[in-house]
């Protein structure tokens with residue numbers, strides 16, 4: 001991707017996207033640069049897992065470790081939260 005193209009894309013995205021979306025786009029741009037032409041694999045799963053993990057960690061910290069409160073904030077059941085926490089420890 002050329003610098004001009006990147007600048008145009010960034011300018012276009014800045015007007016239409018949230019700060020969170022811009023952050024994700026910025027990190028994806030870095031990721032693809034690091035791939036240096038290599039074809040990505042399982043990209044959706046990787047991004048979703050990393051974003052979900054960061055979200056859960058942040059919310060748990062904000063809730064001072066209270067899983068019931070964190071689950072409520074996240075809009076998921078406490079059991080689902082516990083399952084996600086167990087999954088994240090295995091990977």
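The values are calculated or read from the model by the stated rules, or taken from the named source; none is laboratory data. Nothing here was measured: the structure is a model prediction, and the numbers come from that model. Because the Cβ atoms are built from the backbone with ideal geometry, glycine has one as well, and the counts that use them run over all protein chains shown.
Assorted remarks:
- If you go through segment 48-59 and pick out every residue that is in contact with a helix residue (DSSP H, G or I) (Cβ under 8 Å, 6 or more places away or on another chain) and without any contact (Cβ under 8 Å) to a residue 24 or more places away in the chain, you end up with 2.
- Among the residues making up segment 67-86, a single one is part of a loop (DSSP other than H, G, I, E, B) and either surrounded by 14 or more Cβ atoms within 10 Å (Cβ to Cβ) or at pLDDT below 95 (or both): 76.
- Only listed residue being assigned to a loop (DSSP other than H, G, I, E, B), exposed (fewer than 13 other Cβ atoms within 10 Å of the Cβ) and at pLDDT 95 or above, chosen from 64, 45: 64
- Scanning segment 13-20 for any residue that is surrounded by 12 or more Cβ atoms within 10 Å (Cβ to Cβ), at pLDDT 95 or above and in contact with a helix residue (DSSP H, G or I) (Cβ under 9 Å, 6 or more places away or on another chain) turns up nothing.
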